[in-house]
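Here is the structure we will look at, set down as structure tokens.
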Amino acid sequence: WQTIASSGNPRYGHTAVWTGTKMLIWGGSGGATGQRYDPPSNTWSTMSTGNAPGAGPAVWTGSRMLVLQDDGIDAGGSYDPITDLWSPINRSGAPSLNRTRPTVVWTGTEMIFWGGSYLNSGGRYNPPTDTWTLTSLTNAPVGRSYHAAVWTGALMLIWGGFGSEAASAPEAKAGGRYDPGSDSW
């Protein structure tokens, strides 16, 4: 182990993505702010905040960080680490984004988000067209928060979490498989 240099801005509840060369962190207790960490130089730099979204889960597309703002005010933002600039994500056609602790995955072409605030719904965001498609609700798992999601290369798998105050609720022991190709659970 080697210690990472202090960022000067401790935070928790943030999101992080790996660009292939840098770690980008955003949000959490730091509010609508972020930093870039460069491992070879063990240094931090501040990210711009103009047009930046609030806090929320994020994915790396291969060239941009997409942040899904989870307060329902805006859809989120797209960050270009080369130019250090944010672009807003279109909110038109997006499902309700006023939810806490949804999960997101990157499929290689779109961001899929699901759940949060004990909802069993979600959406798919296509960056090149800046458009949304709702995910099917047919056979969707019970709504939940604090669950995990991964992308298999063909399916989004969600697992665990809870839909009530009891961590032993049935949803903590179950999950679902979503196929975006057929829009089915």
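The values are calculated or read from the model by the stated rules, or taken from the named source; none is laboratory data. These numbers come from a predicted model, not from an experiment. Glycine also receives a Cβ, built like all others from the backbone with ideal geometry; neighbour counts cover every protein chain displayed. To get the accessible areas, we keep the full protein, side chains included, count just its heavy atoms, and leave off ligands, DNA and RNA. Shrake-Rupley method; radii C 1.70, N 1.55, O 1.52, S 1.80 Å.
Can you tell me how many residues within segment 43-59 are without any contact (Cβ under 8 Å) to a residue 40 or more places away in the chain and either under 21 Å from A148 (Cβ atoms) or in a loop (DSSP other than H, G, I, E, B) (or both)? Adding up the residues that qualify gives 8. Against the test of being surrounded by 16 or more Cβ atoms within 10 Å (Cβ to Cβ) and in contact (Cβ under 8 Å) with a residue 12 or more places away in the chain, the options P81, P39, P88 yield a single qualifying residue, P81.
Residues in segment 1-33 that are within 19 Å of the chain's Cα centre (by Cα), at pLDDT below 95 and either more than 14 Å from Q69 (Cα to Cα) or outside any strand (DSSP E or B) (or both): R11, Y12, G13, H14, G27, G28, S29, G30, G31, A32, T33. Taking the numbered list (1) on the phi < 0 side of the Ramachandran plot; (2) out of contact with any strand residue (DSSP E or B) (no Cβ under 6 Å at 6 or more places or on another chain) in turn, G153 passes all entries but (1). Here the strands (runs of 3 or more DSSP E) wholly within segment 102-144 that include at least 2 residues being open to solvent by 50 Å² or more (accessible area, probe 1.4 Å) are 131-134.
Of W26, W44, W60, all but one fail to be closer than 23 Å to D74 by Cα, open to solvent by 30 Å² or more (accessible area, probe 1.4 Å) and in contact with a strand residue (DSSP E or B) (Cβ under 6 Å, 6 or more places away or on another chain); the exception is W60. In this entry, Y37 is excluded by the filter for residues that are of a type in the set (F, W, Y) and part of a loop (DSSP other than H, G, I, E, B).
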